[in-house]
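Structure record follows, encoded as structure tokens.
The values are calculated or read from the model by the stated rules, or taken from the named source; none is laboratory data. A quick note: this is a predicted structure, and the numbers were derived from the prediction, not measured. Glycine gets a Cβ as well: all are built from the backbone with ideal geometry, and neighbour counts include every protein chain shown. For accessibility, only protein heavy atoms count, side chains too; no ligands or nucleic acids. Shrake-Rupley method; radii C 1.70, N 1.55, O 1.52, S 1.80 Å.
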Amino acid sequence: MGAVLAAVVASVVLTACGNQGDKADKPHHSDRMTPLSEVCEGIFDGETQAEAANLLGSDQVSWEPPSKGDVYDTSSGAAEILSRGMNRRYTLNHSCVLKKNPDSARDLRIWFEWWNSTFDNLPGSERLKGTSAAYELDGSLTSRMFVDCQRPDLVEPGEKMYLLRVVISDPIGLGEQSRVRLLNASAKKVTDRLNCKNEIILPEADVVVSEDPRLK
């Protein structure tokens, strides 16, 4: 009887180990859907949620919340990476990644990096008067925001300070005002954690882009 019991226990242990190995070999995949109001640290305000839900046909998307202690895909994680230095290419970091559903081939992404330029040298982009930001909105899937976050302690000797660049890749097709809202909300979360030495003033979306009268 003892020998039979030992054999059963051994069989269960081996089966469990085998199952764990199978799980380890397969990429994690989740069918979880999350309300837009809860994704990406709450950067979707009411108006942006409504537009996105109308375009997607649902107010829920596929989004994986970061694991506890994971610095990626969060504003605090982006700030941590950016704080390593201005002239390092690894300063690019996502703060938001979401899909229409788990099977979607394309996702909406927002990411940050230090950009070696000045407002005067940005093609077609000027700092909005009284603010810390400039925008590139060209009608493509990608829109950009540049922020004057001054961190002289992150500049290598002999180097000039960089601009903080925020980029949104948007296959959903949001309007420019919604993109500006998302860029602004993301930028504020990161600059609040980045300890910029200057005051960061961001414009309202309707100052950057006039509201489309068709949406009124």
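Scoring Asn116 on the criteria (1) open to solvent by 90 Å² or more (accessible area, probe 1.4 Å); (2) in contact with a helix residue (DSSP H, G or I) (Cβ under 9 Å, 6 or more places away or on another chain) leaves a single failure, condition (2).
Considering Ser75, Ser58, the condition of being in contact with a Lys or Arg (Cβ under 6 Å, 6 or more places away or on another chain), of a type in the set (Gly, Ala, Ser) and modelled with pLDDT of 90 or more is satisfied by Ser75 alone. Inspect all residues belonging to the range 155-168 and state whether any of them is open to solvent by less than 30 Å² (accessible area, probe 1.4 Å), in contact with a helix residue (DSSP H, G or I) (Cβ under 8 Å, 6 or more places away or on another chain) and at pLDDT below 95. For the range 155-168, residues open to solvent by less than 30 Å² (accessible area, probe 1.4 Å), in contact with a helix residue (DSSP H, G or I) (Cβ under 8 Å, 6 or more places away or on another chain) and at pLDDT below 95: absent. Within the range 134-150, the residues that satisfy the criterion of being open to solvent by 20 Å² or more (accessible area, probe 1.4 Å) and touching a residue at least 40 places away in the same chain (Cβ under 8 Å) are Tyr135, Leu137, Asp148, Gln150. Being more than 15 Å from Leu98 (Cα to Cα), touching a Cys at 6+ places or on another chain (Cβ under 6 Å) and not hydroxyl-bearing (Ser, Thr, Tyr) is not true of Leu154. Counting only residues that are free of Cβ contacts under 8 Å to residues at least 24 places away in the same chain and either on the phi > 0 side of the Ramachandran plot or not hydroxyl-bearing (Ser, Thr, Tyr) (or both), the range 122-133 holds 5 of them. When Asp120 is tested against the conditions (1) out of contact with any Ser or Thr (no Cβ under 9 Å at 6 or more places or on another chain); (2) under 29 Å from Leu56 (Cβ atoms); (3) modelled with pLDDT under 95, the lone failure is (2).
With the condition kept exactly as written, say whether any residue in the range 143-154 is out of contact with any Lys or Arg (no Cβ under 6 Å at 6 or more places or on another chain), more than 22 Å from Asp192 (Cβ to Cβ) and not hydroxyl-bearing (Ser, Thr, Tyr). Looking through the range 143-154, none of the residues is out of contact with any Lys or Arg (no Cβ under 6 Å at 6 or more places or on another chain), more than 22 Å from Asp192 (Cβ to Cβ) and not hydroxyl-bearing (Ser, Thr, Tyr).
If you filter the range 85-113 down to residues that are more than 17 Å from the chain's Cα centre (by Cα) and open to solvent by less than 50 Å² (accessible area, probe 1.4 Å), you find that the one that is farthest from Leu163 (Cα to Cα) is Pro102.
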